């Protein structure tokens with residue numbers, strides 16, 4: 001157990017300075033702006049309670065992992081709809097007429113294709129791409145989170161984006177390293 005003074009000092013030093021970044025993260029991943037402050041407080045409570053047992057070695061990663069997990073849990077529990085709200089559901093559905101439905105279906109297909117392209121990437125490349133482009137972390141934050149250099153993050157990001165773009169354009173989605181026949185646009189020798 002961590003004593004209260006030490007815990008409060010740790011929280012003030014390590015967690016509170018990340019409040020703006022946490023707020024941006026919640027806003028990016030949660031639709032209802034009025035819930036942001038409450039969600040942030042709930043995340044703080046979880047962080048504080050967990051840190052009472054043992055202070056995390058990597059506070060930033062711990063904070064954002066806790067935030068992600070909490071948002072997932074809240075979203076899952078929000079799927080349970082009370083019977084009182086069932087009557088209002090029809091009014092909240094978007095217009096599913098022709099062109100809107102086509103756009104929604106097309107967007108879902110494209111999202112599935114992106115997911116398939118991501119799954120084809122090597123694990124490290126996929127991690128960098130997801131943390132940087134999906135989670136919205138900075139290059140430096142990704143480097144710290146994965147314990148790799150900033151230049152490695154940049155290289156993995158370039159290779160991953162090129163491979164993903166190639167896949168989305170109908171290609172194989174393979175990573176092409178500089179200096180290889182594939183990267184120069186030629187077929188490899190048999």
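Quick rundown of the values:
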quantity	calculated
Index of the failed condition, residue 14 passing every other in (1) under 21 Å from the mean Cα position of the chain (by Cα); (2) modelled with pLDDT of 90 or more	(1)
Qualifying positions in the stretch 28-55 - surrounded by 14 or more Cβ atoms within 10 Å (Cβ to Cβ) and in a helix (DSSP H, G or I)	29, 35, 36, 39, 40, 42, 43, 44, 46, 47, 48, 51
First in the stretch 1-30 and without any contact (Cβ under 8 Å) to a residue 24 or more places away in the chain, second anywhere and surrounded by 12 or more Cβ atoms within 10 Å (Cβ to Cβ), Cβ under 7 Å, 6 or more apart	23/36; 23/40; 27/36
Residues of the stretch 123-149 that turn out to be surrounded by 13 or more Cβ atoms within 10 Å (Cβ to Cβ) and not in a helix (DSSP H, G or I), as a count	5
Some residue of the stretch 98-114 being within 15 Å of the chain's Cα centre (by Cα), in a helix (DSSP H, G or I) and at pLDDT 70 or above	yes
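The values are calculated or read from the model by the stated rules, or taken from the named source; none is laboratory data. Since we're looking at a predicted model, the values are computed, not measured. Heads up, the Cβs are rebuilt from the backbone with ideal geometry, glycines too, and the neighbour counts pull from every protein chain shown.
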